[in-house]
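Engineer: Structure provided below as structure tokens; questions to follow.
Computed from the coordinates by the stated procedures, all read-outs in this text should not be read as laboratory data. Keep in mind that what you see is a predicted model, and the values were worked out from it rather than measured. With ideal geometry, Cβ positions are generated from the backbone for all residues, glycine too; neighbour counts draw on all protein chains shown.
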Amino acid sequence: MASERMSRVDTAWLRMDNDVNLMMIVGVWLLTPAITLEALRERIADKLLKYDRFRQKAVVDAMGASWVDDPDFDITQHVVSVPLQRKKGQSEREALQALCGKLAAAPLDMRRPLWQFHLVEDYEGGSALLARIHHCIGDGIALITVMMSITDGGTDPPKRRRNLAAEEKDPDTDWLSDAVLKPLTDLTVKAIGMYGSGITKSLDALAHPQQPLLGSVDMARSGLQVVQDVAALALLADDSKTLLKGKGNGRKVVAWGEPIPLDVVKAVGKGLNCTINDVLLSCVAGAIGQYLRDQGEDPEGKEIRAMVPVNLRPIEKAWQLGNRFGLAPLVLPIGIENPVERIYAVHRRMAEMKGSYQPLLAFAVLSVSGLFIKPVQDVVLGMFAKKTTAVMTNVPGPGTPLKFCGSTLRQTMFWVPASGDIGVGVSILSYGGGVQFGLITDEKLCPHPQQIIDRFEPEFEKLLLVAMMLPWAGEEG
């Protein structure tokens, strides 16, 4: 059987499953009209299986893990039909959300390739397709590329020339130094060492920088920036205590809302001299703050931290799968009730993140942790959980609706997993001219995430009202 070594980062994700969080990316497609299980299996066999990874299982060994072709691969085990069971008084959407939560907490079969599609053949006059893919296969950007390829007219991945000898030696070397390690020059490592950071040896072992020590101003600035970012990662205070932080019970609940027109979001951002992201993240902070107030908790003066994935690879290489992203800590000012004050606080936070090496360093921590035994890895990754309340993704999707097996993909949503004991995942996805919010939470920490989702649009309407009250271009005061 053909096999290849799993990268250190992918190995870290493979071993990150615990009793609270499973490392699965979960997605939902709503399709109109309905599709059949037979058509779905035919499309998956024709398109998805052209990616070698989806025919391979993860085999763990003493040195890490390998991708090994599954000689007993059976598509009927990976593409299945599932009934939508509705409780009395439950809507179809509520039943589908309950199914999503149940599947998000159900582990994939380690004896098989780590993915599965579940088709609800009859949902709201069409069908609903639920996908579960283990994070060790790929990150969000990679998997969106894969999902685009299986839609009608989607392009197949380039034929991969496999050099197994090189992959066996080190599956990270082809890109790791370019994307992550070149900024960590000799000067950087020495500068970190001057401040007594214990990360120096780990970075040095990972990096082996080849660049000479240069005395340029740019190099000095890079070194200073990395020193500051390492210190910031290590010295970040633990997150504010709220109802959303703590150890959960492992049962998942999901929710999503209806799309907001993207052109309106753009107009609000332009009117307030802020970005689309500023608008959306302000709505997230406002919705969470208002939810906590309604639960009897005063968030005034509190901020929570969300880890935001940052892509570290050229988009044209996304088809290669694997994980190529860092993590940037973003502070959400949930205690600011005034929507204008809050959006400019978010704007300042986003500006502070620009030019930061923290995503690169977070990636280095993940990469190094993939070399450790699992108990040590858990300790390393626990650092992120203590300093974080949520994981948040913001992904731009296609501007026009896609087709799948002849049906229209009318709405889509996905949720990324959270590591350690983090119990909240926020997803922002633009698609087909709209932008929508999704939440996945631990039942113990937030049993009704729809109550947060339902507060997003009112928070946006507050900003919209402010923007509409501004003078029009050319209007005299």
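Engineer: Taking the highest mean first, how do the peptides 58-71, 298-311 order by number of other beta carbon atoms within 10 angstrom per residue? List each step's numbers first, then the result.
Structural biologist: On the way: 58-71: 15.0, 298-311: 18.6.
Averaged packing, sorted descending, gives the order 298-311, 58-71.
Engineer: Calculate, in whole percent, how much of the Cα-Cα pair population of segment 3-160 lies beyond 23 Å.
Structural biologist: So the portion of pairs separated by more than 23 Å is 40 percent.
Engineer: Could you order the peptides 27-35, 269-277 from most to least packed, using the average number of other C-beta atoms within 10 Å per residue?
Structural biologist: Values: 27-35: 20.1, 269-277: 17.1.
Final packing ranking: 27-35, 269-277.
Engineer: Report, in listed order, any pair from LYS87/LYS444; LYS88/LYS241; LYS266/LYS444; LYS102/LYS266; LYS102/LYS317; LYS47/LYS403 with a Cα-Cα distance greater than 26 Å.
Structural biologist: Cα-Cα > 26 Å for LYS88/LYS241; LYS266/LYS444; LYS102/LYS266; LYS102/LYS317; rest within.
Engineer: Pulled fully out, how much extra length does the chain show between ARG410 and ASP74, if you take 0.36 nm times their separation in residues and subtract their Cα-Cα distance? Can you show the working numbers first?
Structural biologist: Details: separation 336, 0.36 × 336 = 120.96 nm, distance 2.96 nm.
Using 0.36 nm per residue and subtracting the Cα-Cα distance, I get 118.0 nm.
Engineer: Only residues of segment 401-434 count here: report those whose backbone N is under 19 Å from the spot 7 Å along Cα→Cβ of LEU84, or say none.
Structural biologist: Of the residues in segment 401-434, 404-415 have backbone N under 19 Å from the label point off LEU84.
Engineer: Hey, another quick one. If you count, for each residue, the other Cβ atoms within 10 Å and average over each peptide, how do 10-16, 80-86, 392-398 line up from highest to lowest? Before the final figure, lay out the partial values.
Structural biologist: Numbers: 10-16: 25.1, 80-86: 13.1, 392-398: 17.6.
Those peptides, ordered most packed to least, come out 10-16, 392-398, 80-86.
Engineer: So what's the net charge close to ASP298: Lys and Arg +1, Asp and Glu -1, counting the other residues with Cβ under 14 Å from its Cβ?
Structural biologist: Values: positive: LYS241, ARG293, LYS302; negative: ASP294, GLU297, GLU300, GLU303, GLU337.
Once positives and negatives cancel, what remains is -2.
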